[in-house]
1. Please enumerate the residues belonging to region 194-239 that are more than 16 Å from ligand 3 (Cβ to nearest atom) and in contact with an Asp or Glu (Cβ under 8 Å, 6 or more places away or on another chain).
2. Being part of a loop (DSSP other than H, G, I, E, B) and either among the charged types (D, E, K, R) or touching a residue at least 40 places away in the same chain (Cβ under 8 Å) (or both) is the filter here, so list the residues in region 28-48 that pass it.
3. Within region 28-43, which residues are among the aliphatic types (A, V, I, L, M) and either under 19 Å from residue 186 (Cα atoms) or within 14 Å of ligand 2 (Cβ to nearest atom) (or both)?
4. Looking at region 1-30 only, could you name the residues that are of a type in the set (D, E, K, R) and more than 17 Å from the chain's Cα centre (by Cα)?
5. From the list 165, 178, pick out the single residue that is within 30 Å of residue 71 (Cα to Cα) and either of a type in the set (D, E, K, R) or in the same structural domain as residue 107 (by TED's automatic domain parsing) (or both).
6. Of all strands (runs of 3 or more DSSP E) completely enclosed by region 57-161, which ones contain at least 1 residues that are within 16 Å of ligand 4 (Cβ to nearest atom)?
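The values are calculated or read from the model by the stated rules, or taken from the named source; none is laboratory data. This is a predicted model, so every value here is computed, not measured. With ideal geometry, Cβ positions are generated from the backbone for all residues, glycine too; neighbour counts draw on all protein chains shown.
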Amino acid sequence: MLPDDLLALAKDIAVEAGELLLAKRPARPEVIDTKSSPTDVVTALDRETEDLIRARIKAVRPGDAILGEEGGDVPGQGRVRWVVDPIDGTVNFLYGLPAWAISIGVEVDGEIVAGVVNAVPMGELYTAVKGGGAWLAGERLHCNTGVPLDRALIATGFGYAASRRVVQAEVLAQVLPRVRDIRRGGSCAVDLCSVASGRVDGYYERGTQYWDHAAGGLVAAEAGARIGGLHGKPYNPELTICAAPGLFEELHDLLAALDPERDAPTGA
Ligand code: IPD
Ligand code: CA
Ligand code: CA
Ligand code: CA
């Protein structure tokens, strides 16, 4: 049950799932279902890919628990739980935009110790093991450091519920004039890996799910980023903020003043 062994298996499975998606993605995938709102879409390949990932995990490690976006939480008998998002960035997948990824995080005793983000159309496979650094194509990743907020490129995302989007737009209107610029890439996992690789300086988003950031959060943290919520709260299920120390605090203080969680009592 060494983290390196779990990572090796996660990587093999994420590569196979990526091959499935590349081979089977139709020119225009069909929406077969919606979730929290009509904009929260599911394609057949979201489900087929998660089924494949679950089958591969079970074949090698039948006692492990698995939490996946499409198939829910299946308890296991041991200390290991897999946290799976078969396609993070389904809307990008639907439209043929490149920022989507297979995200697989592996917990031991409730803590993520290994993570893989396979950003298939970008040809990039990000990996991290707790304490072992974050890696892309044999290169160790280091997030950008020493960037002040007013020169920071900040990635963000929006939940699907309209009530939440109203607050997110109000917060964004106050953040935008105070940073270099904003990017809305469309995949939380890719956004976190972009913090790790230095393609953006920081990231924040309210209301992501554990499977969105389980693997990417470890990649970012192992690249030197700080990841957390408001006022020291854990980032799941609250606001997720991720950036190098220094920028993290600046972004945190700005967001805390804007109270991005004020939709909590009614938001979905
Ligand atoms: C979504 C993406 C998106 C984020 C949403 C997530 P999905 O995941 O990560 O970037 O803004 O909050 O729900 O539904 O494409 O797996
Ligand atoms: Ca997701
Ligand atoms: Ca997904
Ligand atoms: Ca989804």
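1. Those that are more than 16 Å from ligand 3 (Cβ to nearest atom) and in contact with an Asp or Glu (Cβ under 8 Å, 6 or more places away or on another chain): 195, 196, 200, 203, 206, 229, 230, 238, 239.
2. 28, 29, 30, 35, 36, 37, 39, 40
3. 31, 41, 42
4. Within region 1-30, 4, 5, 12, 16, 19, 24, 25, 28, 30 qualify.
5. When all the criteria are applied, what remains is 165.
6. Output list reads 65-68, 72-74, 80-88, 101-108, 111-119.
The rows are residues; the columns are (1) in contact with a Leu (Cβ under 9 Å, 6 or more places away or on another chain); (2) surrounded by 19 or more Cβ atoms within 10 Å (Cβ to Cβ).
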| site | (1), (2) |
| --- | --- |
| 17 | yes, yes |
| 70 | no, yes |
| 91 | yes, no |
| 110 | no, no |
| 120 | yes, yes |
